[in-house]
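Structure first, commentary second.
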Amino acid sequence: MNNLKKALVLGLAVAACTLALPRTAKAVEPIDLNTYLMENTVTSENPQTGAISRSLEIDRSLVNEHKIQGYMSYTLASGRTIKMYIGEHAPLRAYITVVALPNGVEDTYAFLEEQGWIELADANGEMIFVLEPQDGVWGTPEEEASYLFDTIAENIGNNAFGLRQSTAGGIVTRGSFDVEDGTRVSVFTGHSTNYYVGYGEGCAVLESWTSNNPKYVAAQAFIGGESVGEEILQKNAATTYNGFNTGSYYPGMDELTFRMDLLKLMMDGAISSKDFLTNADIAVPTLFAGYAADDVSVAYWKGVNDCVEEAEDGVYHQAADSDAWQTDYNNTLAAEMGSAYGISEVVVKEEAEMAAADIRAFVSQYTRYTTPSAYSNALGMRTDYYPVAKAARTAAESGEAIQTIAYASVEGDEKEAEIRALESAPLTVSLLDYTAGNVYDLVLAFNDYDEDGVKDPREVILYVPEKAKEYGEKGAPIVMVYPGMTQAACTFFDCTMWWHMANMDGCVIAIIGEYTASNPASLIYGSNEDSANMTRATIQILDKVVSEKEGVKMDLTRVYGSGHSLGSRLSQTLTHTTESGYYAAVGSTSFTNTDFSGENGMPSMVSIGQADLNFILTEPWVEDAATGNSTYNWVKNCLAYNGVTLEFEDNVKESFLATCLAWTEEGRYHSYCWADADNADVPVVQFNRTIAREHNSMPIEARFAWEFVKHYSLKDGSRWYSPSAFAEEGDEVHIIQSAADIH
């Protein structure tokens, strides 16, 4: 613990930069954020508009974690209050549990501590966001609607035929607080979706919101309360989602077009109904304590989750053949892992009281990666590795290197990266009682971002599955994964399910972490050169350090790039430029690149959503002179970069399809691929389009990326393709003769 944190824990007065708040057992006074944020933030002026903004100062010694930790209070403009607790070493994009108190709680901190939430937040690096009844008594859901909007309202993505008009979002969604001078200060970033827990009279109020916003609920629990009632549940259930998005990257599809898309999906057998999704179709794992089995809410959520009729020890499992869009892919994974049911469930307990540890044990089995669109939202199985991350962040507090690794920098000289921490533990999936492989939290320092003479820490999450050992002397392939902007490595590890691909095929996974460039509550990448150096250092650490710890050889001829959104742009750019001699192939989602200046060619794949970023929405056969990032340009450039000279008539689909090695437009996932110039049956470029997806990372598309890249290698200055992904001897085909081996 640094000296400033020690001082605050001891209750000493600190004027400028409070990083941790009191953690004593009782009588804890929260910091008043209304005052604190005015006194402890810096201001800046927009040179164009003159607008003033406020932000907390960046502490470069922190490793992707929230600057303010501890117990806080905030008073809204309405006079209502909320409380918040940010756990020790809670990372940016930490999981949040929203707690609605019961009536009559006089000391919120004492309630949280007695239930066990404070200890859990510190142990797991999570956040607690507390909704408080006015004067200790909750009103009706209608009376509390404005309070819920101010605190936990979502950023509206789909206006549901005009029923949802505001895009403001509440504090828990945006992570920022309004202060008295009219500015807004970013304080925290959450995971994207949250856990919701109601107690007593707070249950009905909370359920009125979660039943109307299921896309934003990873899991929920209602403890000793009562149902919000049939009328509200059925009203919320009827909320319908079309294909039109507001407040997101692209407006999406008009109603008629989207209806036709759904009809075709149904006719192709990809979905069971052509009807628009409603709230009643979006699975949400739910726990009830003290509710009767025939309670209105129990029946409602059982229906929402497509549960089987009979419970097993109070658990109503989701049917394996559920047609829920949000669990479709993860139910497939669960089946591969031996489950007879879908992943969601409704649990009913007779006891009206439960310890926070037992509640968290239920909700934390799940993760959800949100999206403005109900058609791209995915419920998943959460893994448990946070103690590793906490141990790494704690170890890195000293700022001392435990080891240094030399790497060849992109600038052309040899540099050193410091390993500040490298902690590991077995990866577990508690939902299925599943353990496999070791997850590592690597804290490394290779760049001095604030130019104070000290290298600043960055984080990478590594995963080495047990199956990697089966490669023996051939070595295990490596996938370098770059999350989207503001997406922490931990968020992407959980939501993309890359760990499952690793368990199935034995690849080693490295999730590259971002850093706080201009605001301590946001994340982004550095320059392309900075990202290339971080990647090169990470590969060396895998090869020289992790390899030895695990007894697993790394195959540096099979290093692959992947990522989403800004991470897709980065992975595509690096692999097509300075890093073309380090990667064997690239496959990513939702962003293309414009630079193809590397020397080695590159087997390349990209997946784009039907309502994705506006500059990559044109069909790949449609010329788009307005932007260099169009899918048309990406396909043309990738083909040329790989030495393929195929010509198709612009804007003519039939001409475009005639150039393809293979293509499919059945179901939800459309695909077009092209052959290597010298091998007519070997794919080298692939473009995918996912119907009814906006700008979101869906785990099935990570699997598509892996299925593409795993067939390629780069060795002895040349690229090779193996139909068996190098499982069979002698099936390698030489492709794309490269200019030089630049390792």
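Every number here is computed from the coordinates shown, using simple stated rules; none is lab data. The structure displayed is predicted, hence computed values, not measured ones. Backbone-built Cβ (ideal geometry, glycine too); neighbour counts: all protein chains shown.
For every other residue with a beta carbon closer than 14 angstrom to the beta carbon of Phe258, add +1 if it is Lys or Arg and -1 if Asp or Glu, then tell me the sum.
Local net charge: 0.
With Cβ to Cβ distances under 12 Å as the rule, what net charge do the other residues near Phe222 carry (K, R +1; D, E -1)?
Net charge in that neighbourhood comes out at -3.
Under a point spin-label approximation (7 Å from Cα along Cα-to-Cβ), what is the Asp452-Glu732 distance to one decimal in nm?
4.8
May I ask for the angle, rounded to the nearest 10°, between helix 255-267 and the longest principal axis of the chain, with both axes built from Cα atoms and the value confined to 0 to 90°?
Rounded to the nearest ten degrees, it is 70.
With a cut-off of 8 Å between alpha carbons and a minimum separation of six or more residues, what is the relative contact order of the chain in percent?
Computed over the chain, the figure is 9 percent.
Under the 0.36 nm per residue contour assumption, what length would be gained going from the current alpha-carbon distance of Glu548 and Glu473 to full extension?
In short, 25.7 nm is gained.
May I ask for log10 I(q)/I(0) of the chain at q = 0.06 Å⁻¹, from a Debye sum over the Cα atoms as equal point scatterers with solvent left out?
-0.35
Quick check on the range 386-737: what does the Kirkwood estimate of hydrodynamic radius come out to from the alpha carbon pairs, in Å?
So the Kirkwood estimate lands at 20.6 Å.
With a Förster radius of 25 Å, plug the Cβ-Cβ distance of Ile52 and Asn519 into 1/(1 + (r/R0)^6) and report the FRET value to the nearest 0.05.
For Ile52 and Asn519, the calculated efficiency is 0.95.
If packing is taken as the mean number of other Cβ atoms within 10 Å per residue, what is the order of 513-525, 606-618, highest first?
My ranking of the peptides, most packed first, is 606-618, 513-525.
Given contacts defined as C-alpha pairs under 8 Å and at least six residues apart, what's the relative contact order of the range 386-737, whole-number percent?
After rounding, I find 12 percent.
Tell me, how many Å apart are the Cα centres for the range 450-502 and for the range 289-322?
Taking the Cα centre of each part, the range 450-502 and the range 289-322 sit 37 Å apart.
Working from Cα positions, state the angle (0 to 90°, nearest 10) between the long axis of helix 699-709 and the longest principal axis of the chain.
Approximately 20 degrees, to the nearest ten.
Once the Cα atoms of helix 631-641 and of the chain are each reduced to a long axis, what angle between those two axes, in degrees from 0 to 90 to the nearest 10, is obtained?
Helix 631-641 and the main axis of the chain meet at about 40 degrees.
Summing +1 for each Lys or Arg and -1 for each Asp or Glu, what net charge is found among the other residues whose Cβ lies under 13 Å from the Cβ of Thr286?
-2
With r as the distance between the Cβ atoms of Ala299 and Asp135 and R0 = 30 Å, compute the FRET efficiency 1/(1 + (r/R0)^6) and round to 0.05.
Efficiency, rounded to the nearest 0.05: 0.35.
If you find the alpha carbon centre of the range 186-218 and of the range 601-631, how far apart are they in angstrom?
Rounded to whole Å, the Cα centres lie 36 Å apart.
What is the spread of the Cα atoms of the range 71-120 along each of their three principal axes, largest first, in whole Å?
30, 27, 14
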